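To start, the structure under review is shown below, and the notes come after it.
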Amino acid sequence: MLFVLGEDDQMTLPRMAQPLIAQCPGAQVVRLKSGHQLMLEAPDGVLFALKDFLQAKGKP
């Protein structure tokens, strides 16, 4: 499972994800210099996080 978090997210604070992350063994966490709207604020970061995650799982 991949978690992509915005370091500056004020709506869903990154620390709020910790209990869920703890329940997902082997979870990968990527923190981007972004707020709540990751896809708008850091589209390249989201793209590379997804691409790297899928490639590591053997998906093209």
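Per-residue ellipticity at 222 nm computed for the chain from its helices equals -10000 deg cm²/dmol, with DSSP H segments shorter than 4 residues left out and the rest contributing -39,500 (n - 2.57).
For LYS33, the aspartates and glutamates whose Cα comes closer than 13 Å to its Cα, not counting residues fewer than 8 places off in the same chain, are GLU7, ASP8, ASP9, GLU41, ASP44. Charge dipole (Cα centre; +1 on Lys/Arg Cβ, -1 on Asp/Glu Cβ; no other charges) of the chain amounts to roughly 260 debye.
A simple rule links phi to the HN-Hα coupling: the Karplus curve 6.51 cos²θ - 1.76 cosθ + 1.60 with θ = phi - 60°, which for the stretch 33-50 gives 6, 7, x, 6, 9, 3, 5, 8, 8, 9, x, 5, x, 5, 4, 5, 4, 5 Hz, with x for Gly and Pro. Select one label from (i) 6.8; (ii) 4.1; (iii) 5.2: the one whose number is mean projected area of the Cα convex hull in nm² as derived from the coordinates shown. Computed from these coordinates, mean projected area of the Cα convex hull in nm² corresponds to label (ii).
Fewest neighbouring Cβ atoms within 10 Å first, the residues ASP9, ASP52, ASP44 line up as ASP44, ASP52, ASP9. Positive-end ranking of LEU40, LEU20, LEU5 along the dipole of the chain, with charges on Cβ about the Cα centre, is headed by LEU20.
Readers should treat all values here as calculations from the given coordinates under stated rules, not as data from a laboratory. Only a predicted model underlies this, so the values are computations on that prediction, with no experimental measurement involved. Backbone-built Cβ (ideal geometry, glycine too); neighbour counts: all protein chains shown.
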